[in-house]
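Below is one structure; the comments refer to it alone.
The values are calculated or read from the model by the stated rules, or taken from the named source; none is laboratory data. Worth saying up front: this structure is predicted, and the values here are computed from it rather than measured. Note that each Cβ is placed from the backbone with ideal geometry, even for glycine, and that neighbours are counted across all protein chains shown. Side chains are part of the model used for accessible areas, which takes the heavy atoms of the whole protein and leaves out ligands, DNA and RNA. Shrake-Rupley method; radii C 1.70, N 1.55, O 1.52, S 1.80 Å.
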Amino acid sequence: MTEMVDQVRVSATAEKVNARLQRRYAVEKRFRFYGIASIVVALSFLAILLFSIISQGHTAFMQAEMRLSVTFDPSVIDPDGGRQKAVLSSADYTALVRNALLARFPEAEDRLARREMIALISQGADLELRKMVMGDPSLIGTTRDVWLPAAASVDQLRKGHMSRDADKGGQFTQRQLGWIDALESSGNLSSRFNKWLFTSGDSRQPELAGLWGAVVGSFYSLLVTVTLSFPLGVATAIYLEEFSTRNRWTDLIEVNINNLAAVPSIVFGLLGLEIFLNVFNLPRSAPLVGGLALTLVSLPTIIIASRVALKAVPPWIREAALGLGASRLQMVMHHVLPLAMPGILTGTIIGMARAVGESAPLLMIGMVAFIVDVPASPLDPSTALPVQIYLWAASPERAFVERTSAAIIVLLCFLAVMNATAIFLRKKFERRW
Amino acid sequence: MPIASEAFLQQSGRAMTGTSKVTAKDVNVYYGDKHALKAVSLDIRANEVTALIGPSGCGKSTFLRCLNRMNDLIEGARVTGLITLDGDDIYDYSLDVVQLRARIGMVFQKPNPFPKSIFDNVAYGPRIHGLAQSSADLEEIVVSSLQRAGLYEEVKDRLSEPGTGLSGGQQQRLCIARAIAVSPEVILMDEPCSALDPIATAKVEELIDELRENYTIVIVTHSMQQAARVSQRTAFFHLGELVEFGDTEQIFTNPQQKLTQGYITGRFG
Amino acid sequence: MQFSILLVVLLLLSAVGFRMGRGRALQVGGPKARALHSLPSYYGYYVALWCGIPAVFLIAIWLSCEPFILQGIVVGALPADAKSLPSAQLSLLMNEVRQLGSSGDYQHASGAIASTAAEQYRNLRNMSFGAMAVISLAMAILGCVLGVRYIRPDLRARNKVEGVVKIFLIASSTVAIFTTIGIVLSLLFESLRFFRMISPVDFLFGLDWSPQMAMRSDQVGSSGAFGAVPLFAGTLLISLIAMVVAVPIGLLSAIYMAEYAHPNFRSVAKPLLEVLAGIPTVVYGFFAVLTVAPFLRDAGAAVGFSIASESALATGIVMGIMIIPFISSLSDDVITAVPDSLRQGAYGLGATRSETIKQVVIPAALPGIIGGVLLAVSRAIGETMIVVMAAGLSAHLTANPFEAVTTVTVQIVTLLVGDQEFDSPKTLSAFALGLVLFLVTLVLNVVALNVVRKYREKYD
C-alpha cells in the first residue's frame, strides 16, 4: 500500500521536473551563450584595436624619397678650401638642394614655381647633405645621386591619404602634380625604408620625426628603474618572507605595499614632481627622475612577485640548509634565492614591461617636452616611448597619425618581446615540488 | 670554536664511550600557550644510539629539535631549562647557533636533498664551514662521507647528477652522508625511515648501527621494532612528559611504568 | 662624470680592502685557517664594508646638505637690492644661477648679478666636490686600516657582515612606507597652501571649475573658480560607463573560463584576454581618439543623435575594455577558489550547471568579486592617459554620456604640464585634486583588499 503511494509521488515529482526541464535547459544554453559571447566580444575588441593600429601604422615604415643628382659645389660649401669643421657645418646646404632641384626641373623659373618646386622636398633635406659632407669631406666637388626625403605631403599623396583634387583637401597644384608624376615614372621618386623613424629624435617635420630619442629616453629610465627596483624589491621580499616575524611593523609594510600596488600611477608623478624636482632640485624632464618615479610604480609588482616566488620554495630546503649549520643568510643566498630566481625575474620583467608602457608619471615630471636631440645621459632632457606616442597623437598632421600608430607598433613589439621572455623563463625554469 | 678534526673525534669518541655527551635538565617548551614539553631531563651518552619513542604529538620531535635549536625557527616557540653539549650551555647567548648546528647534525623525516648534484649536496656543509682547503680535500671528504653512508658504490659514476633523482632510500642515505660530511659530534634523526620501504629501512638501520662507532646518535621513531633494533637506550614520551628512560632491553622487556608497558604492548598508541 | 669616477675609486678601494682582510685572516688564522671563526672571505667582506659604508654615508649626507648650504652662501653674497627681492623672484634668480653654474656658460645670464653669482656658485660647487672626494677617500682608507686591525681569529666576521646585510634588507622594506609618507606629505603640503587661498568647502562642493580665470584676473582666489564637483561627476560618469562595459563582460568571461571552458580553449583564450591588460593605456587613448570616438559620432549622426567627439561614452567604453581582463582574472581566481564540495552538493540535488553557478558558486564568491570590482573602480578613477587623450578639457556638469566631460586626472595633467608657478592656486589645485584622488582610491583599495583577504581566509 505504502509502496503504491510512493510510486505515485515519485512519478509526480518526475512529472513536475520534466515539465520545467526544457525551460531549464534553455536557460542553461542561454547562460553558456552569454559566457562565450563575452569572451568573443572582449577578444574582438582586442582584434579591432590591433587591426586599426596596424592598418594605420604599417605604411609609416616606408616613406617617399626623391633621387636627385646633387653637386657638392665647393664654392657653396667651403669657399676657402680650409675644410674646417665650423665652416662645413654652417654652409648653405639648402642652396645645394635648390640647385639640384633646378637641374631636374629647369622649367621652374619664376619665384612661385621655385617655391612650389622646393615644397616637394623635405625641409630637412639640407641636413641630410650636411651629415654626408661632415662624414666624408671628400664628397666636396663631386656630383652624386642622392636619395633625399620627400615632403610629408608628397608621401601622403603617394600613400593615398591625400586627394589629388584641391577641392578635396589636396595641397598640390597641377604643376606640382605633374612634377611628382614625372619623378615617379622616371623612378626617381619611390618608397624606401623609413630610416628616420628609427634613427632620429623628434621633429616638427613628420618625414624626419623619429623614435630613437624616445627609445633612448625609455632605455635610460628603465635602466634607473631596474637598478633600483630590482635590488630593493628583492631585498624587501627576502626580509618579509625569510627574516621577519609577523608583527605590527611587518603588517604595516604589507598594507603599504598592497596599497601602493593599487595607487593610480599619476599620484607617483605628483610625488616625483614635488620631492624629486622641487625638494631635491633634480633636473626636469630627465630620464633619471622618470626612472625614479617608475621605480616607485614598479616596486610593488616586483615585491609581490618575489614574495610569491620565495613562498613557493618548499620549507624543507630551508630546514636542510639550517640543519647543516648554514646561517639564515647563507640559506637564503645559497638555496632559497637561486630556486626562487626564475619567478623573481619573471615578475621583474613583467613589472618592467608595465613601466615601459607607463606615461602618466612621466608627464608630471616634464618628460613631455618637444625634444629633438637624442639624450646622451640619464640627466639630459628626454621623452619616453609612450610619451612620444602621446605627443604625436596630439599633432594634427595626417602624417603624424600614421607615425603614432607606427610608434605604437614599435612599443607593442618591445612589450611582446619582454613578456615572451618572461613566459619563456617561467616555462623553462618553473619547478614543481 | 674550531671544529674538532676527525681523527681527534674518533679517539676522543672511543675514550668517552658511556659518558654524557648531551644533557638536558628540566627542559620546557611552549608553543604560544601550549605547553609542549614538560620538565624533561635526559642524559645522552656518547657513541650510543638513543631512541625517543611515544605516540604522535608526545613531544619527542620537539625535544629532538631543542637539541640543535631548530625550535628557534618556529614563531612563538619558547624553551626553558638547560641543555648542554660537552658541558656548554647550547642556549647561551654567546654561543653561535650556526656552529652548534655544525656540531650537531640533523637528518629529517622526509629525505630532503638540495636540488643540486650529489657531489654539491655533500660538499655544501664542508664549503660553508671551510673544512676543505683545496678541491682535492673537498673531494676526499665527499667520497669518504658517501662511503660511510654506504652510498658511494651506488652513485660513484653519477656524482654530478641531481640528488633528487635518487630513490627514496638513497636520498635518505645521501642526507646522512651530507650530515656526516661536516663531521658532527651528534647526529639527530627525526623519523628517518618513515618515508622509506622496508628494504631501504633495513639499509638505513644498518648504517645507523655502523655510525654509532664514531658519532652520538639520537633517533626519533614511532616504530618500536626499530627502536629495539638500533638503539642502546630508549626514552618513552607521553603528552609532553618523559615517562621512562633506560636501557632499551630493559624498557622493552621489563618496563617500570604502566604507561610504557601499555604502549609497547600495543594497547594504545 | 667626476662623480662616477669617485664611486669607481671607492669600489676599487673596497675590493682592495676585501683582499687585505682575507689575507690578514689567513695570516692570523693559523695552519689551514682552523682557528678562524668564519670563512676567510667573510673577513674580506668585513674590511670592504668598513671601507665602503662610512664613505658612502658621508657622500649621501654631503650631497643632500650641499644645495642648501651653497644656496645660503650665494644668497648671502648677493648685493643688497637683490637680497631684498620678493621670495618668488629670488627663487627664480637662484634657479637661473644654478642652471648657469651647472652649464658654465654665463653668456645667457639675465644680468651681471646672475653671472657673478653663478660663477661663485660654480666655484663653490667645485670646491665642495673636491673636499667631499678627499674626505670620503680618506675615510675609506682609514676604514680599511681600522678594519684590518680589528681582525682576530675570534672576530665573528660572518655575523657582523650578515648583520649589515640584514640592516640593508630592513631598510629596503621601509621604502614602501617612506613612499606612502612621501605621497601624503607632498600632496598635503601643497594642498594646504591651496586651501589657504581657496576654501575647502568651495573646492569640494563648488559647481564651477575654471582654473584659468585666476591667472587672468591676477587676483588670487577671488575670481578663479575652483569648484571641483563637475570633475568628480565627470570622473564618476566615465568610470560608471567603464564598469557597465567591463563588469558583465569580465564576469561572464571568467565564469565561462572557470566553469565551462575546455582546458585547451582556456589555455588560448585566457592569455589572449591578458594581452588586453598588457597594452599600455596610451595606446587605448589613441584607439579611443582614432577609432571609437569617430565611429560613435558617425553612428550617432546616422540615427540623429549628436555625440560629441570627446564624449564620455567613447572614453568610458575604451576604459571598460581596458578593465575587462582585470575583472575577469580577479573573478576567475575567486571562482576557482570556491570549493568543489559546494558544486557537488548542488549537482547532487539535480541542479543544472548554470543554476549551480548562479545560486551556489556566485553567492559564495560574491565577496571576492565585489572586492575585485572595487579595485577595478579604483583603477578607473585613477586612469589617466585614456581620459587625457579622449575626454574633454572643459568642465561641464552633466549626466549625458554623449557630451564631453572632464575628469580629475585630466585636470591634474593639464594644470601641471608645461610651465608652472608654484604660487598660483591654479597649479596648487592640481595637488588638491591629487589628494582627493589618492584618498578616494586609498579607501577603495583598503576596503577591497580587506574584502578579498577575508574571502581568501574563508576558503584557505
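Among the DSSP beta bridges whose two residues both lie in the protein assembly as shown, what percent are antiparallel, rounded to the nearest 5?
Working: 41 of 58 bridges.
Roughly 70 percent of the DSSP beta bridges within the protein assembly as shown come out antiparallel.
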Next on the checklist: Just to be sure I understand the model, the point goes 7 Å from the Cα along the line to the Cβ. What's the resulting residue B:94 to residue B:241 distance in nm?
Outcome noted: 3.8 nm
Checklist entry - Which one of C:90, C:115, C:65 has its Cα pushed farthest toward the positive end of the charge dipole of the range C:46-170, where Lys and Arg give +1 and Asp and Glu give -1 at the Cβ? => result C:65
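Residue C:138 to residue C:92: extension gain in nm, 0.36 nm per residue of separation minus the Cα-Cα distance?
12.8 nm
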Checklist entry - So how much accessible area does residue C:403 have, in Å² to the nearest 10, using a 1.4 Å probe? => result 80 Å²
Next on the checklist: Take residue A:427 and residue A:204, extend 7 Å from each Cα along the Cα→Cβ direction, and tell me the distance between the two endpoints in nm.
Outcome noted: 5.0 nm
Checklist entry - If r is the Cβ-Cβ distance from residue B:135 to residue C:166 and R0 is 30 Å, what FRET efficiency results, to the nearest 0.05? => result 0.45
Item to check | Portion, in percent, of the accessible area of the range C:2-155 that falls on carbon or sulfur, probe 1.4 Å | outcome: 67 percent
Checklist outcome for this item: Under the 7 Å Cα-to-Cβ spin-label approximation, residue A:373 and residue A:111 lie apart by a distance in nanometres of 3.7 nm
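Percent of accessible area on chain B owned by carbon and sulfur, 1.4 Å probe? Please report the intermediate quantities before stating the final value.
Values: 5450 of 11270 Å².
For chain B, the apolar C and S fraction of the accessible surface comes to 48 percent.
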Next on the checklist: I need the phi-derived Karplus couplings for the range C:125-132: 6.51 cos²θ - 1.76 cosθ + 1.60, θ = phi - 60°, integer Hz, Gly and Pro marked x.
Outcome noted: 5, 4, 4, 4, 5, x, 4, 4
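About the Cα centre, and with charges only on the beta carbon of Lys, Arg (+1) and Asp, Glu (-1), how big is the dipole of chain B? Nearest 20 debye, please.
Details: 26 positive and 33 negative charges, 116 e Å.
Roughly 560 debye for chain B.
Rounded, prolate or oblate: which fits chain A when a ≥ b ≥ c are the square roots of the eigenvalues of the alpha-carbon gyration tensor, with rounded for a/c under 1.5 and prolate only if a/b beats b/c?
Numbers: a/c = 3.23, a/b = 1.62, b/c = 1.99.
Cα axes put chain A in the oblate bin.
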Next on the checklist: Under 5 Å between amide hydrogens, which residues at least 5 positions from residue A:194 or on another chain qualify, with H placed 1.01 Å from N in the peptide plane?
Outcome noted: A:62, A:63
Checklist entry - Taking springs between alpha-carbon atoms closer than 10 angstrom, which of A:400, A:33, A:230 fluctuates most in the Gaussian network model of chain A? => result A:33
Checklist entry - Given C:287, C:385, C:337, which one lies farthest toward the positive end of the charge dipole of the range C:282-407, if we put +1 on the Cβ of every Lys and Arg and -1 on the Cβ of every Asp and Glu? => result C:337
Checklist entry - Is there a simple number for the mean count of other chain Cβ atoms within 10 Å of the Cβ of residues in C:283-293, and what is it? => result 6
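Which of the three applies to chain B, rounded, prolate or oblate, going by the alpha-carbon gyration tensor with a ≥ b ≥ c and a/c under 1.5 meaning rounded?
On the way: a/c = 1.71, a/b = 1.39, b/c = 1.23.
It comes out prolate by the Cα gyration axes.
What's the total accessible area buried between chains A and C, using a 1.4 Å probe, rounded to the nearest 100 Å²? Spell out each step's value before the answer.
Values: alone 24070 and 25040 Å², together 42450 Å².
What A and C bury together is about 6700 Å².
With +1 on the Cβ of every Lys and Arg and -1 on the Cβ of every Asp and Glu, and nothing else charged, how large is the dipole of the range A:61-200 about its Cα centre, in debye rounded to the nearest 20?
Details: 18 positive and 18 negative charges, 67 e Å.
Here the range A:61-200 has a charge dipole of around 320 debye.
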Next on the checklist: Taking the Cα of residue A:83, stepping 7 Å toward and past its beta carbon, and measuring to each backbone N in the range A:127-154: which are under 15 Å?
Outcome noted: A:133-142
Next on the checklist: If I take every Cα pair under 8 Å that is 6 or more residues apart in the range C:308-445, average their sequence separation and divide by the length, what percent do I get for the relative contact order?
Outcome noted: 31 percent
Checklist entry - Under a point-charge model restricted to the Cβ atoms of Lys and Arg (+1) and Asp and Glu (-1), what is the dipole moment magnitude of the protein assembly as shown relative to its Cα centre, in debye to the nearest 20? => result 1440 debye
Checklist entry - Which three lengths, in whole Å and largest first, does the protein assembly as shown cover when its Cα atoms are put on their principal axes? => result 126, 105, 67
Checklist entry - Using the membrane-span-like helix rule (whole DSSP H runs, Cα extent along the own axis of at least 30 Å, mean Kyte-Doolittle hydropathy at least 0.0), which helices of chain A qualify? => result A:2-57, A:212-238, A:287-312, A:398-429
Checklist entry - Among A:346, A:391, A:310, whose Cα lies farthest out toward the positive end of the dipole of the range A:212-429, if unit charges sit on the beta carbon of Lys, Arg (+1) and Asp, Glu (-1)? => result A:310
Item to check | Alpha-carbon centroid distance for the pair the range C:277-293 / the range A:370-407, whole angstrom | outcome: 16 Å
Checklist outcome for this item: Classified through the alpha carbon gyration tensor (a ≥ b ≥ c as square roots of its eigenvalues; rounded if a/c is under 1.5, else prolate when a/b is larger than b/c, else oblate), chain C comes out oblate
